[in-house]
Amino acid sequence: MLALQTTPISLSAAIAALAGFALIGGFLGAIGSVVVRRLRNPVGKYRLLYAAVLFPYTLLAYAVFALTGFGTALLTTLPAVPELVTRVLADFVTFLAAGCVWIISYLPTVRGIRDVRDVDLATSTSIRKMARYVIGVSALLTVVLVPLQVVSIESSPLALAVGLAALVVGMLYAAPWLISVLRSTSRPTGDTADRVERLCDRAGLSVRDVRILDTENEETADSLVRGPPTYRRLFVTSTFLDAFDDDTATALLAVEAGKLRIHVFEVRVVSVLVGGIALIASVIGTGPQWPLLGVALASVLVGFSLSQRRIRAADEYAAEQVGRATVADALTEYAEVHALEPTRRRIPNPLSIRVALGDRIDRLRSSSDS
């Protein structure tokens, strides 16, 4: 993507590279899982393992595959096709290869997650869902990024920045439909639909429609709202509706409503987008390097700080809707359902977009007591 590809390597070298990255990824996943299970708060540490080790490793694999022309090398066995078709197929194959590295890295952790959370999650089910997600994301990234390949980074950096921003905004606006494609969803009906509508009314959450994410035996009780201001869609997992009573579910949905009202998600996206564009401009030399690096760092730090403040403000909004003690109890129960130990920090992490869950609970309880 974006002119990263050079002269493609041979077919045998491409296969060897994929096998090597997959083998190392599986080793990282296995060793990481063994270590994490021995640590305090293992569920939280598994999330850190995915975000700080396995996902960056997958990005590294993708970068190597793209730079060495992995997709083009695999397509040498196919008959001649138009250049645009070759480019699209090569990008799709490259994304799929990186996705395979992610799946193989993730595979050894499934058993560990199942044990520490005490859930009946079949490995085959988890991998099947992950494979569907990888294929969908690979197709999506191919479709949205191929047009950027016609833009020369060296000659038109401004056009590249505008194109990236437009694609990000477009994907955000299309999120209600993209999630439904990438995940198994269903419309709530009957008593379930009435209950969700009642919960949203109590929480002050206004959405266009609702979809239920099928979590089967994963027991992931989450909710999120995506879409443009004129079409908000609420996604709740089936476990969310089963595990939480009305008071807890209302409080958690009220937090989501608060995040919508003060645009937490938009702040995060804008800060990362501005920082990313500034970083790209610095790397490719289209402006003063150090000032642009400073802009990138400042954008991320300021954006993350605003995100943390607005999460606290969202908690305040939820407290106004249902009461501080109810919100604190709901966050505590959320942690219990996911076998999470609420973390607490003496010094806030400036590189985190979240507020430690334990700090949020303590803040709500102390204000409630006073």
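The values are calculated or read from the model by the stated rules, or taken from the named source; none is laboratory data. All of these numbers come straight from a predicted model, not from anything done at the bench. Quick reminder, even Gly has a Cβ in these numbers, built from the backbone with ideal geometry, and neighbours come from all protein chains shown. Side chains are part of the model used for accessible areas, which takes the heavy atoms of the whole protein and leaves out ligands, DNA and RNA. Shrake-Rupley method; radii C 1.70, N 1.55, O 1.52, S 1.80 Å.
Just so you know, in the range 219-276 the residues that are among the acidic types (D, E) and within 20 Å of A193 (Cα to Cα) include one that is least open to solvent (accessible area, probe 1.4 Å), and it is E256.
Return yes or no: is A51 within 13 Å of C100 (Cβ to Cβ), without any contact (Cβ under 8 Å) to a residue 12 or more places away in the chain and not hydroxyl-bearing (S, T, Y)? So A51 does not fit the description; no. Inspect the range 152-161 for any residue being open to solvent by 50 Å² or more (accessible area, probe 1.4 Å), within 23 Å of V137 (Cβ to Cβ), over 16 Å from the mean Cα position of the chain (by Cα) and at pLDDT below 95 and give the result as yes or no. Within the range 152-161 (the criterion being open to solvent by 50 Å² or more (accessible area, probe 1.4 Å), within 23 Å of V137 (Cβ to Cβ), over 16 Å from the mean Cα position of the chain (by Cα) and at pLDDT below 95), the answer is no, since none of the residues qualifies. Answer yes or no: is there a residue in the range 86-97 that is among the small types (G, A, S) and more than 30 Å from E341 (Cα to Cα). Looking through the range 86-97, at least one residue is among the small types (G, A, S) and more than 30 Å from E341 (Cα to Cα). In summary, P291 fulfils each of the numbered conditions (1) over 30 Å from A318 (Cβ atoms); (2) at pLDDT 85 or above; (3) open to solvent by less than 40 Å² (accessible area, probe 1.4 Å) with the single exception of condition (3).
Among residues of the range 123-138 that are part of a helix (DSSP H, G or I), those with a beta-carbon under 9 Å from a residue that is polar (S, T, N, Q) at least six positions away or on a different chain give the pairs T125/N217; K129/S184; R132/S184; S138/T94.
Let's see how each residue does on (1) crowded, with 19+ Cβ neighbours inside 10 Å; (2) assigned to a helix (DSSP H, G or I); (3) at pLDDT 90 or above:
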residue	(1), (2), (3)
L59	no, yes, yes
G71	yes, yes, no
V93	yes, yes, yes
G99	yes, yes, yes
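Among the residues making up the range 294-313, those that are open to solvent by less than 30 Å² (accessible area, probe 1.4 Å) and more than 26 Å from L331 (Cβ to Cβ) are A296, S299.
Just to be sure before I move on: is V267 closer than 30 Å to T239 by Cβ and not basic (K, R) in the structure I sent? It would help to see each step written out before you state the result.
Working: closer than 30 Å to T239 by Cβ: yes; not basic (K, R): yes.
The answer is yes for V267.
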